Amino acid sequence: MYNLNQFDLTKKLESKSDYKEMLKKYQLEMLSLQRELHNKGIPVILVFEGWDAAGKGGAIRRVTEQIDARGFQVHAIGAPNMVEKQYHYLWRFWTKLPVKGHIAIFDRSWYGRVLVERVEKFATKTEWKRAYEEINRFEQMLTDDGTLILKFWLHISKEEQLDRFEERQNNPFKNWKITDEDWRNRQKWDDYVTAVEDMLEHTDKPNARWIVVEGNYKWYARVKVLKSIVKAMRARLEEEK
């Protein structure tokens, strides 16, 4: 059973110099691995989920800033539009899947069905409970076809989220990032904890692992994301030998 309280949110790097050194190391490794994956035609999917203000955008920027821009695409996923609502909820993600040798990065994803749609009751209990198996089959089909899938949950404490919300609210360069919806979602923190733990329990599979990233300290979180991607890419390439 997953329990978000088991993760140590005090993890951090000792200094900015350590952060910069490790960031450069893993970014360079990822650039090299990106080329190898491209040459072998191996597609990659990186899924980023997490609390509001957990640092998904910052982590994605560090993942992408040194790799070949021709080989990846970032998809920021919001609520489905009127056309997309007429189809099965997975339909809108099919056109965003990566071609062979490319990387698709999802800033939020199909897991909205078992997170926000569950908590906000946009999906019925029958629908979101059924979604676990639907998602597992969807991801299994992709990995059976050779896709590498990594899924990150960026985890911060409720107190850290409040600090970040207030900092955004008071910073004229960042206050566009904070909305009334963010504050409303925060009021349902415990409901979201239950939904996240259920998601991790039901959809963490050997072919498509969840990686919980301790995110109270952003430097540590960004390095852990990059290190995890590099490790998984190396392992996937070893399978090809």
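Quotient of the Cα radius of gyration of region 100-241 and 2.2 N^0.38 Å, N being its number of residues: 1.18. Restricting region 103-169 to GluC sites (Glu not before Pro) that sit in a DSSP loop and have at most 15 other Cβ atoms within 10 Å of their own Cβ leaves 120.
Remark: accessible surface ordering of 1, 199 (largest first) is 1, 199, probe radius 1.4 Å.
Oblate is the label for region 118-160, because a/c, from the alpha-carbon gyration tensor with a ≥ b ≥ c as root eigenvalues, is 1.5 or above and a/b does not exceed b/c. Taken over region 152-236, the convex hull of the Cα atoms encloses 113 Å³ per residue. In summary, region 52-111 shows an alpha-carbon radius of gyration equal to 1.26 times the 2.2 N^0.38 Å reference for compact globular proteins. With 21 Å as the limit, write out which pairs from 177/218; 25/96; 56/151; 16/174 have Cα-Cα distances beyond it, or answer none. From the list (177/218; 25/96; 56/151; 16/174), the Cα-Cα distance tops 21 Å for 25/96; 16/174. Derived from the Cα gyration tensor, the three semi-axes of the equivalent ellipsoid of region 13-54 are 25, 19, 4 Å, largest first.
Within the full protein context, the accessible area of residue 228 is estimated at about 20 Å² for a probe radius of 1.4 Å. The alpha carbon centroids of region 96-118 and region 28-44 are separated by 20 Å.
Remark: accessible surface ordering of 143, 126, 179 (largest first) is 126, 179, 143, probe radius 1.4 Å.
Run the accessible area of the chain with a 1.4 Å probe and give the carbon-and-sulfur part as a rounded percent. Percent of accessible area from carbon and sulfur atoms in the chain: 49. Mean projection of the Cα convex hull over all viewing directions, computed for the chain: 13.7 nm². Residue 202 sits with roughly 80 Å² accessible to a 1.4 Å probe, with DNA, RNA and ligands left out of the calculation.
Using the Cβ-Cβ distance between residue 202 and residue 169 with R0 = 51 Å, the FRET efficiency computed as 1/(1 + (r/R0)^6) comes to roughly 0.90. Remark: the chain carries 54 Å² of accessible area per residue (probe radius 1.4 Å; ligands, DNA and RNA excluded).
The simple spin-label model puts a point 7 Å past each Cα toward its Cβ; for residue 73 and residue 122 those points are separated by 2.2 nm. Taking every protein chain into account, the 1.4 Å probe leaves residue 89 with about 30 Å² of accessible area, to the nearest ten.
Counting every C-alpha pair in region 1-123, the share spaced more than 27 angstrom apart comes to 33%. Between 171, 136, 39, the Gaussian network model of the chain with springs among Cα atoms under 10 angstrom shows the greatest mean-square fluctuation at 171. The helix-only estimate of mean residue ellipticity at 222 nm for the chain, built from DSSP H runs of length n ≥ 4 each weighted as -39500 (n - 2.57), is -15500 deg cm²/dmol after division by the residue total.
Counting only whole DSSP H helices of the chain, the ones at least 24 Å long by C-alpha along their axis and with mean Kyte-Doolittle hydropathy no lower than -1.0 are 218-239.
The values are calculated or read from the model by the stated rules, or taken from the named source; none is laboratory data. Note that this is a predicted model, so its numbers are computed, not measured. Every residue, glycine among them, receives a Cβ derived from its backbone with ideal geometry; neighbour counts consider all protein chains shown. Side chains included, ligands, DNA and RNA excluded: accessible areas come from the protein's heavy atoms. Shrake-Rupley method; radii C 1.70, N 1.55, O 1.52, S 1.80 Å.
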